[in-house]
1. Taking amide hydrogens as modeled 1.01 Å from N in the peptide plane, which residues meet the under 5 Å criterion relative to Thr22, leaving out close sequence neighbours?
2. Are there trypsin sites (Lys or Arg not before Pro) in segment 115-170 that DSSP marks as loop and that have at most 11 other Cβ atoms within 10 Å, and which are they?
3. Round to a whole number: what % of the accessible area of the chain belongs to carbon and sulfur, probe 1.4 Å?
4. HN-Hα J couplings of segment 50-61 from phi, Karplus 6.51/-1.76/1.60, θ = phi - 60°, integer Hz, Gly and Pro as x?
5. Please identify the chymotrypsin sites (Phe, Trp or Tyr not before Pro) of segment 77-144 that satisfy two criteria: DSSP loop assignment and at most 16 other Cβ atoms within 10 Å. Which are they?
6. I'd like the GluC sites (Glu not before Pro) in segment 97-135 restricted to DSSP loop residues with at most 15 other Cβ atoms within 10 Å, sorted by number.
7. Note the angle between two axes, namely the Cα long axis of helix 133-152 and the longest principal axis of the Cα atoms of the chain, as a number of degrees from 0 to 90, rounded to the nearest 10.
8. Give me the net charge of Ile91's neighbourhood, meaning all other residues with Cβ under 10 Å from the Cβ of Ile91; Lys, Arg count +1, Asp, Glu -1.
Amino acid sequence: MQAKHPEESRTTLTDLVLPSETNPLNNLFGGELLARMDRAASIAARRHSRRIVVTASVNHVAFNKAVPLGSVVTVEAAVSRAFKSSMEIFIDVWVEDRESGKRSKANEAIYTFVAVDETGSPVAVPPLEPETDLEKERYEAALRRKQLSLVLAGKMKPNEATELKALFEN
Ligand SMILES: CC(=O)SCCNC(=O)CCNC(=O)[C@H](O)C(C)(C)COP(=O)(O)OP(=O)(O)OC[C@H]1O[C@@H](n2cnc3c(N)ncnc32)[C@H](O)[C@@H]1OP(=O)(O)O
(Lines give C-alpha, C1' and ligand atoms only; values in the text may rest on other atoms or scores of the structure.)
Protein backbone atom coordinates (compact mmCIF):
# COMPACT_ATOMS: atom_id res chain seq x y z
CA MET A 1 0.00 0.00 0.00
CA GLN A 2 1.24 3.47 -0.87
CA ALA A 3 2.23 5.72 2.05
CA LYS A 4 0.15 8.80 2.83
CA HIS A 5 1.08 12.10 4.47
CA PRO A 6 -0.59 13.55 7.61
CA GLU A 7 -1.85 16.45 5.47
CA GLU A 8 -4.10 14.02 3.56
CA SER A 9 -6.03 13.14 6.72
CA ARG A 10 -6.04 16.58 8.36
CA THR A 11 -9.57 17.42 9.49
CA THR A 12 -10.73 20.74 10.91
CA LEU A 13 -14.05 21.19 12.71
CA THR A 14 -15.04 24.69 13.86
CA ASP A 15 -18.11 25.29 16.01
CA LEU A 16 -19.52 27.52 18.77
CA VAL A 17 -19.94 26.63 22.45
CA LEU A 18 -23.71 26.77 23.13
CA PRO A 19 -25.42 27.02 26.57
CA SER A 20 -26.57 23.37 26.45
CA GLU A 21 -22.91 22.27 26.12
CA THR A 22 -21.55 23.98 29.25
CA ASN A 23 -20.98 23.04 32.91
CA PRO A 24 -22.15 25.11 35.94
CA LEU A 25 -19.13 27.44 35.47
CA ASN A 26 -20.35 28.23 31.95
CA ASN A 27 -17.37 26.47 30.38
CA LEU A 28 -17.50 23.74 27.71
CA PHE A 29 -18.44 20.37 29.24
CA GLY A 30 -15.54 17.86 28.98
CA GLY A 31 -17.71 15.14 27.45
CA GLU A 32 -18.84 17.50 24.68
CA LEU A 33 -15.21 18.25 23.79
CA LEU A 34 -14.41 14.51 23.83
CA ALA A 35 -17.26 13.92 21.38
CA ARG A 36 -16.10 16.72 19.06
CA MET A 37 -12.55 15.32 19.15
CA ASP A 38 -13.83 11.77 18.48
CA ARG A 39 -15.77 13.00 15.42
CA ALA A 40 -12.77 14.89 13.98
CA ALA A 41 -10.40 11.97 14.70
CA SER A 42 -12.81 9.50 13.13
CA ILE A 43 -12.92 11.56 9.90
CA ALA A 44 -9.09 11.81 9.87
CA ALA A 45 -8.77 8.02 10.33
CA ARG A 46 -11.31 7.41 7.57
CA ARG A 47 -9.49 9.81 5.21
CA HIS A 48 -6.21 7.99 5.82
CA SER A 49 -7.57 4.44 5.53
CA ARG A 50 -10.67 4.91 3.34
CA ARG A 51 -12.24 2.14 5.48
CA ILE A 52 -14.79 1.86 8.30
CA VAL A 53 -13.00 3.01 11.47
CA VAL A 54 -13.78 2.54 15.17
CA THR A 55 -12.38 4.24 18.26
CA ALA A 56 -10.12 1.68 19.99
CA SER A 57 -8.70 3.88 22.74
CA VAL A 58 -8.48 7.42 24.10
CA ASN A 59 -4.78 7.41 24.95
CA HIS A 60 -4.39 10.90 26.34
CA VAL A 61 -6.52 13.99 27.00
CA ALA A 62 -5.39 17.20 28.65
CA PHE A 63 -8.03 19.78 29.55
CA ASN A 64 -5.45 22.52 30.03
CA LYS A 65 -7.68 25.56 29.57
CA ALA A 66 -11.39 26.08 30.19
CA VAL A 67 -13.34 27.03 27.09
CA PRO A 68 -16.03 29.67 27.89
CA LEU A 69 -19.61 29.82 26.61
CA GLY A 70 -19.82 31.49 23.20
CA SER A 71 -16.24 30.59 22.21
CA VAL A 72 -15.39 29.62 18.66
CA VAL A 73 -13.58 26.28 19.02
CA THR A 74 -11.53 24.60 16.31
CA VAL A 75 -10.66 20.91 16.61
CA GLU A 76 -7.86 19.84 14.28
CA ALA A 77 -7.08 16.13 13.87
CA ALA A 78 -4.54 14.26 11.74
CA VAL A 79 -3.08 10.76 11.66
CA SER A 80 0.28 10.87 13.47
CA ARG A 81 1.27 7.24 12.79
CA ALA A 82 -0.22 4.20 11.12
CA PHE A 83 0.60 0.68 12.29
CA LYS A 84 -0.93 -2.52 10.82
CA SER A 85 -4.65 -1.85 11.27
CA SER A 86 -4.47 0.89 13.92
CA MET A 87 -3.83 4.60 13.53
CA GLU A 88 -2.80 7.13 16.15
CA ILE A 89 -4.64 10.44 15.74
CA PHE A 90 -3.28 13.63 17.29
CA ILE A 91 -5.87 16.30 18.04
CA ASP A 92 -5.18 19.96 18.77
CA VAL A 93 -7.93 22.21 20.11
CA TRP A 94 -7.82 25.97 19.49
CA VAL A 95 -9.96 28.82 20.78
CA GLU A 96 -10.36 32.02 18.76
CA ASP A 97 -10.19 35.42 20.43
CA ARG A 98 -13.38 37.31 19.56
CA GLU A 99 -11.73 40.68 18.91
CA SER A 100 -8.31 39.86 17.45
CA GLY A 101 -9.26 36.54 15.81
CA LYS A 102 -5.98 35.14 17.17
CA ARG A 103 -6.09 31.41 17.96
CA SER A 104 -4.66 30.00 21.17
CA LYS A 105 -4.15 26.33 22.01
CA ALA A 106 -6.67 25.17 24.62
CA ASN A 107 -6.34 21.39 24.74
CA GLU A 108 -4.91 18.34 23.03
CA ALA A 109 -5.67 14.65 22.85
CA ILE A 110 -4.47 11.41 21.30
CA TYR A 111 -6.90 8.74 20.12
CA THR A 112 -6.35 5.34 18.52
CA PHE A 113 -8.64 4.19 15.72
CA VAL A 114 -8.72 0.79 14.04
CA ALA A 115 -9.81 0.18 10.42
CA VAL A 116 -12.25 -2.71 10.14
CA ASP A 117 -14.19 -4.55 7.43
CA GLU A 118 -17.99 -4.97 7.33
CA THR A 119 -17.79 -7.74 9.94
CA GLY A 120 -15.74 -5.60 12.35
CA SER A 121 -12.46 -7.46 11.78
CA PRO A 122 -9.29 -5.31 11.63
CA VAL A 123 -7.87 -4.63 8.15
CA ALA A 124 -4.52 -3.20 7.01
CA VAL A 125 -4.09 0.56 6.50
CA PRO A 126 -1.52 2.49 4.40
CA PRO A 127 1.71 3.53 6.18
CA LEU A 128 2.18 7.17 7.17
CA GLU A 129 5.09 9.29 6.00
CA PRO A 130 5.60 12.36 8.24
CA GLU A 131 6.95 15.52 6.57
CA THR A 132 7.29 18.43 9.03
CA ASP A 133 9.43 18.42 12.21
CA LEU A 134 6.30 18.29 14.39
CA GLU A 135 4.87 15.39 12.36
CA LYS A 136 8.19 13.53 12.67
CA GLU A 137 8.31 14.13 16.45
CA ARG A 138 4.75 12.81 16.91
CA TYR A 139 5.46 9.85 14.62
CA GLU A 140 8.59 8.85 16.59
CA ALA A 141 6.82 8.90 19.97
CA ALA A 142 3.70 7.08 18.74
CA LEU A 143 5.11 3.56 19.10
CA ARG A 144 5.86 4.16 22.80
CA ARG A 145 2.35 5.52 23.31
CA LYS A 146 0.85 2.47 21.56
CA GLN A 147 2.85 0.16 23.82
CA LEU A 148 1.75 2.08 26.94
CA SER A 149 -1.88 1.94 25.85
CA LEU A 150 -1.66 -1.82 25.19
CA VAL A 151 0.06 -2.46 28.54
CA LEU A 152 -2.63 -0.44 30.40
CA ALA A 153 -5.36 -2.34 28.52
CA GLY A 154 -3.75 -5.65 29.55
CA LYS A 155 -3.09 -6.51 25.88
CA MET A 156 0.72 -6.44 26.10
CA LYS A 157 3.12 -7.63 28.79
CA PRO A 158 5.27 -4.77 30.20
CA ASN A 159 8.48 -6.67 29.37
CA GLU A 160 7.42 -6.80 25.68
CA ALA A 161 7.10 -2.99 25.49
CA THR A 162 10.72 -2.62 24.37
CA GLU A 163 10.67 1.00 23.12
CA LEU A 164 8.62 2.18 26.12
CA LYS A 165 11.00 0.48 28.58
CA ALA A 166 14.00 2.11 26.87
CA LEU A 167 12.63 5.54 27.91
CA PHE A 168 13.27 4.66 31.57
CA GLU A 169 16.53 2.79 31.07
CA ASN A 170 18.52 5.43 29.17
C1 LIG B 1 -16.24 5.92 15.67
C2 LIG B 1 -16.72 5.32 16.98
O3 LIG B 1 -16.91 6.02 17.90
S4 LIG B 1 -16.87 3.61 17.11
C5 LIG B 1 -17.54 3.23 18.72
C6 LIG B 1 -16.56 2.96 19.74
N7 LIG B 1 -15.63 1.92 19.38
C8 LIG B 1 -15.98 0.62 19.23
O9 LIG B 1 -17.12 0.20 19.25
C10 LIG B 1 -14.84 -0.35 19.02
C11 LIG B 1 -15.07 -1.65 19.79
N12 LIG B 1 -13.84 -2.47 19.76
C13 LIG B 1 -13.56 -3.28 18.73
O14 LIG B 1 -14.31 -3.40 17.78
C15 LIG B 1 -12.25 -4.05 18.81
O16 LIG B 1 -11.80 -4.09 20.15
C17 LIG B 1 -11.12 -3.40 17.92
C18 LIG B 1 -11.51 -3.49 16.45
C19 LIG B 1 -10.87 -1.94 18.29
C20 LIG B 1 -9.81 -4.17 18.14
O21 LIG B 1 -10.09 -5.50 17.89
P22 LIG B 1 -9.15 -6.70 18.45
O23 LIG B 1 -9.88 -7.95 18.32
O24 LIG B 1 -8.59 -6.28 19.78
O25 LIG B 1 -8.06 -6.73 17.34
P26 LIG B 1 -6.49 -6.76 17.47
O27 LIG B 1 -6.03 -7.30 18.78
O28 LIG B 1 -6.01 -7.38 16.21
O29 LIG B 1 -6.13 -5.21 17.45
C30 LIG B 1 -6.27 -4.46 16.27
C31 LIG B 1 -5.34 -3.28 16.38
O32 LIG B 1 -5.80 -2.42 17.42
C33 LIG B 1 -4.74 -2.15 18.32
N34 LIG B 1 -5.32 -1.94 19.63
C35 LIG B 1 -6.26 -2.69 20.25
N36 LIG B 1 -6.53 -2.18 21.45
C37 LIG B 1 -5.75 -1.09 21.60
C38 LIG B 1 -5.56 -0.15 22.66
N39 LIG B 1 -6.23 -0.21 23.80
N40 LIG B 1 -4.65 0.85 22.46
C41 LIG B 1 -3.95 0.94 21.32
N42 LIG B 1 -4.09 0.08 20.29
C43 LIG B 1 -4.98 -0.92 20.44
C44 LIG B 1 -3.86 -3.40 18.25
O45 LIG B 1 -2.56 -3.14 18.73
C46 LIG B 1 -3.90 -3.67 16.76
O47 LIG B 1 -3.05 -2.74 16.12
P48 LIG B 1 -2.20 -3.11 14.78
O49 LIG B 1 -3.07 -3.99 13.91
O50 LIG B 1 -1.96 -1.79 14.13
O51 LIG B 1 -0.95 -3.78 15.24
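1. The list, which skips near neighbours in sequence, is Phe29.
2. Taking segment 115-170 and a limit of 11 other Cβ atoms within 10 Å, the loop trypsin sites (Lys or Arg not before Pro) found are Lys155.
3. Heavy-atom surface of the chain belonging to carbon and sulfur, 1.4 Å probe: 53 percent.
4. 6, 10, 5, 10, 10, 6, 9, 6, 9, 7, 7, 9
5. Listed in order of number, the matching sites are Phe83.
6. Glu99, Glu118, Glu131
7. 70
8. Charge balance near Ile91 sits at -3.
The values are calculated or read from the model by the stated rules, or taken from the named source; none is laboratory data. This structure is a prediction, so every number in the text was calculated from the model and none was measured. All Cβ positions, glycine included, derive from the backbone under ideal geometry; neighbour counts span all protein chains shown. Areas reflect the complete protein model, heavy atoms only, side chains present, ligands, DNA and RNA absent. Shrake-Rupley method; radii C 1.70, N 1.55, O 1.52, S 1.80 Å.
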